[in-house]
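What follows is a short report on a single structure.
Any read-out appearing in this document is the output of simple, stated calculations on the displayed coordinates, not a laboratory observation. Remember, it's a predicted structure, so these values are computed and weren't measured experimentally. Here the Cβ positions follow ideal geometry from the backbone for every residue, glycine too, while neighbour counts run over all protein chains shown.
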Amino acid sequence: FIKKHYSLFSVLFLNNTSKYRGKDMAESKQETVDFAYAIDCTGSMGGYITQVRQDIGSIVSKMQQQYPEFKLRLGCVAYRDWCDNEKRLESLNFVESVSSFKQYVEQLQADGGGDEAEDVLGGLRHAVKSLSWNSKLRVLFHICDAPPHNKMYHDTSSDDYPSGHSSDPSNYHEVVLREMKHKNIHLCVAKLNDSVSKMISVFKNYGKSIELTIEERSINNASELLSAVQQTLHLEVKGTQSAVVQVTKQLNEFKIEASELVTATMKKMDDISADV
């Protein structure tokens, strides 16, 4: 009786531990990666908008070649400034079609903006809240050549809202970065000039306090965007692969230890049965 029921326990125990191997990983379906751009689409950014449209095919193709087990979902947020009214914030929710993404970016116009500072944080928050982030791996690539409103993010004199817009929350960056942390979104900022240096420093300092890494990539011209995006995606996907391998190894070791425990316990129960 004891041996029979303990044998049943061993089967159930080992079957349950197999669940933690993610069905042996090799059998898992293709994983998606949520990749979105947040782009300053004011008057100075025409070349970068065009470059995004031109690059996206190469980005998807290289991902398919290097990491066939991953598939990109593509999204985009275009932001400008408060003076641009209904064009202040625009977005394309995630799609898997490269042609659909290109069509959206192609219709974006580099215009508006008013003063030097823009509604950067409004754009980033729109990306966090309006896009349907569903994949386990999530990357937001921010292309900007101007800082947010509020002197805490810059030293320029061209800011119509030097204390922030009236609708901006206090310490706006903290609100946005906490939301990114909550949704596990990796932020990479493409720094096009030094006007955004203070902003990036503020972001990074707060990011450290909430264990959110802010990646920075200096871009001298639009032609460097492709390489920057590919490097960011490579590091994110490669890091995920390494973590999965490590976890799988640990779970396999756990299964072996569990099997040895069951075997030893069953032997002990055999000895007890024999004595009885």
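Points worth noting:
- Where Rh is the Kirkwood radius over Cα pairs, Rg/Rh for region 143-244: 1.01
- If R0 equals 30 Å, the separation of the Cβ atoms of Asn220 and Ser163 corresponds to a calculated FRET efficiency of about 0.40.
- Extended-chain gain in nm, criterion 0.36 nm per residue less alpha-carbon gap, Lys62 and Val175: 37.2 nm
- D_trans [Stokes-Einstein, Kirkwood Rh over alpha-carbon pairs] for region 20-167, 4 °C, 1.567 mPa s, µm² s⁻¹: 78 µm²/s
- Tail fraction, Cα-Cα pairs, region 79-229, threshold 19 Å, whole percent: 55 percent
- Calculated FRET value between Gln103 and Ser209, using beta carbons and R₀ = 30 Å, to 0.05: 0.15
- In region 126-201 the Cα-Cα distances spread across 5 Å bins starting at 0 as 3, 14, 22, 23, 20, 12, 4, 1, 0 percent of all pairs.
- Pairwise label distance in nanometres, His182 with Ser201, each label 7 Å out on the Cα-Cβ vector: 3.0 nm
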